[in-house]
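Written out below as structure tokens is the structure these notes cover.
Any read-out appearing in this document is the output of simple, stated calculations on the displayed coordinates, not a laboratory observation. Please read all numbers here as calculations on a predicted model, not as lab measurements. Cβ placement follows ideal geometry from the backbone for every residue including glycine, while neighbour counts extend to all protein chains displayed.
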Amino acid sequence: MSEKKTTHFGFQEVPVEEKAGRVADVFHSVAAKYDLMNDLMSGGIHRLWKRFTIELSGVRRGHKVLDIAGGTGDLSYKFSKLVGPEGLVVLADINESMLRVGRDRLTDRGVAGNLVVSQADAQFLPFPDNTFDCITIAFGLRNVTDKDLALRSMLRVLKPGGRLLVLEFSKPQSELLTKAYDTYSFKLLPFMGKLVTNDADSYAYLAESIRMHPDQETLKTMMVDAGFANCEFHNMTGGIVALHKGTKP
Amino acid sequence: MVDPTLSAAATASLEAAINKALHYDPATRLRCQALAGKSLAIEIAFAGKKIPLCCHFEDDGIGISANVDDPTTCLRGSLPGLLMLATSDGVNLSEANVEAWGNTALLADIKQIAGDLDLDWEEAINDWLGDVAGHQLAEQARRQFRWLRDRGQSGKRLLSEFLTEELRAIPTATELKGFSDQVDNLRLASDRLLARFERLRAASNKDASSSNPTPPGHNA
């Protein structure tokens, strides 16, 4: 008799086929107030983390960029300005609610012509091989069921020489910061979630999923194993967040 | 190494300040738009460290980043050298001890745009105080500025006259020029004398060698 394969959903072990649905429920629940909560939770610092990601992307006019788990379109907005009318930005997210918020927001900000929206699973990207000059996934990889499969899928659609940038919560580099961060994320974060979105569970999941996500070195190794070259990472805000960068050989 | 969060905060603040300033000079903003897609990287040597800064021209303003990636033009130099290059007319790269590579036409464009910069700072004050109070304040500021500029110019002239004419502590510009011309003439004359001396010595050596030929069978 074969044992049922499981994966983690926060601190819980759930069947592999259930994780995507559960993650989807979390994001359906928080989509409407996602930006507000991001600003509240990070004190606005998430904008600086995303800014650094854009700085390292090396995206220029005419480039094709895939923004996976692009959510409300923070990165896509900036990329659409950088690639210009001759370039292309694909805002992709598996979650329809998040994508809807992102699409409406970008339309309201006047982004059109060089941006398309695609509901896509990072594990099975629906794009031809060697399509994009740059792929970013910001605060999305930890929610993916099979991260190795997703990394290989990203490698496939990147052009040779193209860059993958993974912005994700990671492991703080000092003990003191770890303690303060744990207190903040397990006590204050669900309370804020309850107050603003009336949904403490989703923000408890956020804190748990961050702890279950691979640390800096492990994710770097995963990228190398998937086939990326020149892999490196930059710790930000003491390692609370790390930006991993890899190139398709 | 500085945490990227801090460097991103610094470049974000600088970028916001530059774009806010450009808001008050639409002509310069348009000229910057014409450079969209180009970038200028600057490596500033300061207090023993190298600080990279990259300025990207975009359709809707200027982007600043601390990461340099395949820029159109690069500059490398000390902070005083780069400031001298940016602010003084007629200073070339070697005088400022600044290295440049890449497309130097972009440098000329930027220098020209910076030279023509004319911020409507009264508009900026009006945004805060309203048109009437803002205009009054701007008029006051302009009067004060004119007074200070006039006093500065006349003060400079009076000091110069006092030092050269009354105290005779330093030479006048004309005297300095005369002296400089004399030094130039002396240098030219000494160069000519040296050349003549070298020619005479060469001729003398040639004569000596032709009058004392080496005896046959005598090997050195």
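In the frame of its principal axes, segment B:29-176 has Cα extents of 59, 50, 29 Å, reported largest first.
In chain A, the calculated helix contribution to ellipticity at 222 nm averages -14000 deg cm²/dmol per residue, counting -39,500 (n - 2.57) for every DSSP H run with n ≥ 4. Since only A:141, A:186, A:198 are under comparison, the one whose Cα sits farthest along the positive direction of the charge dipole of segment A:130-209, derived from C-beta charges on Lys, Arg, Asp and Glu, is A:141. What you get for chain B, charging only the Cβ of Lys and Arg (+1) and of Asp and Glu (-1), is a dipole of about 1280 debye around the Cα centre. Remark on residue B:78: its backbone amide H falls under 5 Å from those of B:45, a criterion applied only to residues 5 or more positions apart or on other chains, H modelled at 1.01 Å from N.
Each residue of segment A:51-60 was assigned a 3J(HN,Hα) from its phi angle through the Karplus curve 6.51 cos²θ - 1.76 cosθ + 1.60 (θ = phi - 60°); the sequence is 4, 5, 4, 5, 4, 7, 6, x, 6, 10 Hz, with glycine and proline shown as x. Enumerate by residue number the chymotrypsin sites (Phe, Trp or Tyr not before Pro) in segment B:1-80 meeting two conditions: DSSP loop (anything except H, G, I, E, B), and at most 13 other Cβ atoms within 10 Å of the site's Cβ. Filter output for segment B:1-80: empty list. Note on segment B:121-166: Cα-only Rg and Dmax are 16.8, 52 Å. Applying both filters, DSSP loop and at most 13 other Cβ atoms within 10 Å, to the trypsin sites (Lys or Arg not before Pro) of segment A:78-128 gives A:109.
Each residue of segment B:71-88 was assigned a 3J(HN,Hα) from its phi angle through the Karplus expression (A = 6.51, B = -1.76, C = 1.60, θ = phi - 60°), giving x, 6, 9, 10, 10, 9, x, 7, 4, x, x, 5, 5, 4, 5, 6, 9, 9 Hz with x at Gly and Pro. For chain A, rounded, prolate or oblate, judged on the Cα gyration tensor with a ≥ b ≥ c (square roots of eigenvalues), a/c < 1.5 rounded, else prolate if a/b > b/c? Verdict is rounded for chain A.
Under a point-charge model restricted to the Cβ atoms of Lys and Arg (+1) and Asp and Glu (-1), what is the dipole moment magnitude of segment B:121-166 relative to its Cα centre, in debye to the nearest 20?
On the way: 7 positive and 9 negative charges, 33 e Å.
Here segment B:121-166 has a charge dipole of around 160 debye.
Placing unit charges on the Cβ atoms of the charged side chains and taking the dipole of segment B:4-115 about its Cα centre, the candidate lying farthest along the positive direction among B:30, B:98, B:48 is B:48.
Rounded to the nearest 5, what % of the DSSP beta bridges within segment B:4-115 are antiparallel ones? That works out to approximately 75 percent antiparallel. Once a ≥ b ≥ c are taken as the square roots of the eigenvalues of the Cα gyration tensor of segment B:4-115, is the result rounded (a/c under 1.5), prolate (a/b larger than b/c) or oblate (a/b not larger than b/c)? The shape class here is oblate.
Taken about its Cα centre, segment B:4-115 carries a charge dipole of about 200 debye when Lys and Arg each add +1 at the Cβ and Asp and Glu each add -1 at the Cβ. Among the GluC sites (Glu not before Pro) found in segment A:43-97, those both in a DSSP coil and sparsely packed, with 13 or fewer other Cβ atoms within 10 Å of their Cβ, are A:86. Fewest neighbouring Cβ atoms within 10 Å first, the residues A:197, A:72 line up as A:197, A:72.
When chain A is described by a simple charge dipole with +1 on each Lys and Arg Cβ and -1 on each Asp and Glu Cβ, the residue from A:246, A:222, A:11 located farthest towards its positive end is A:246. Our note on the geometry: Cα centres of segment A:214-246 and segment A:157-172, 8 Å apart. Per residue, chain B reaches -20000 deg cm²/dmol at 222 nm when only DSSP H runs of four or more residues are counted, each adding -39500 (n - 2.57).
Here the Debye sum runs over all C-alpha atoms of the protein assembly as shown as equal scatterers in vacuum, and log10 of I(q)/I(0) at q = 0.06, 0.09 Å⁻¹ comes out as -0.44, -0.76. Segment A:193-249: D in µm²/s via Stokes-Einstein (Kirkwood Rh, Cα pairs, 4 °C, 1.567 mPa s)? Using the Kirkwood radius from Cα pairs, D works out to 99 µm²/s.
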